[in-house]
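Okay, so here's the structure we're looking at.
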Amino acid sequence: MDKPTLHGTPLSHFTRKIRILLAELCVDFDFVRASSVLAISQASYADNPLMRVPTLVHAGTTVIDSEHIARYLVATYDPKETSAVRPSVASTAPAISLAEAAAAGWKPA
């Protein structure tokens, strides 16, 4: 199973939101610190065309924007069985917000 890689900066509250979600889902991940928020190269932001953080790279998929990353993580990792990745669900399930997940009965581990 591929381990997700989160590209961001420690002081970004958007990156921090995703780090908290990854921790709550018990997902082991690599963190790559962006070289500089003043960088003018997409490569500095894991090829994010918006050149912003965070960016998540997982199993050949690049996800940008913290809301999209959160939806991807919730759809990919089963909150009740955090050791399982459900790629078939992640590729077909509509993205949902954390509020929708909570309304559906999901609770952090």
- Task: Please name all residue pairs, on different chains or six or more residues apart, with Cβ atoms under 8 Å, provided the first residue is in region 22-40 and is under 20 Å from A70 (Cβ atoms) and the second residue is modelled with pLDDT of 90 or more and among the polar types (S, T, N, Q).
- Result: F29/T5; D30/T5; F31/T5; V32/T5
- Message: Could you list, ordered by first residue, the pairs with Cβ atoms under 9 Å in which the first is in region 58-72 and at positive phi and the second is surrounded by fewer than 16 Cβ atoms within 10 Å (Cβ to Cβ) and at pLDDT below 90, at least 6 apart or interchain?
- Response: A59/M1; A59/D2; A59/P87; G60/D2; D65/L50
- Item | helices (runs of 4 or more DSSP H) within region 1-108 that include 3 or more residues surrounded by fewer than 17 Cβ atoms within 10 Å (Cβ to Cβ), modelled with pLDDT of 65 or more and of a type outside the set (G, A, S) | 13-24
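The values are calculated or read from the model by the stated rules, or taken from the named source; none is laboratory data. The model shown is predicted, which means the values in this text are computed figures rather than measured ones. Note that we place each Cβ from the backbone using ideal geometry, even for glycine, and neighbour counts take in every protein chain shown.
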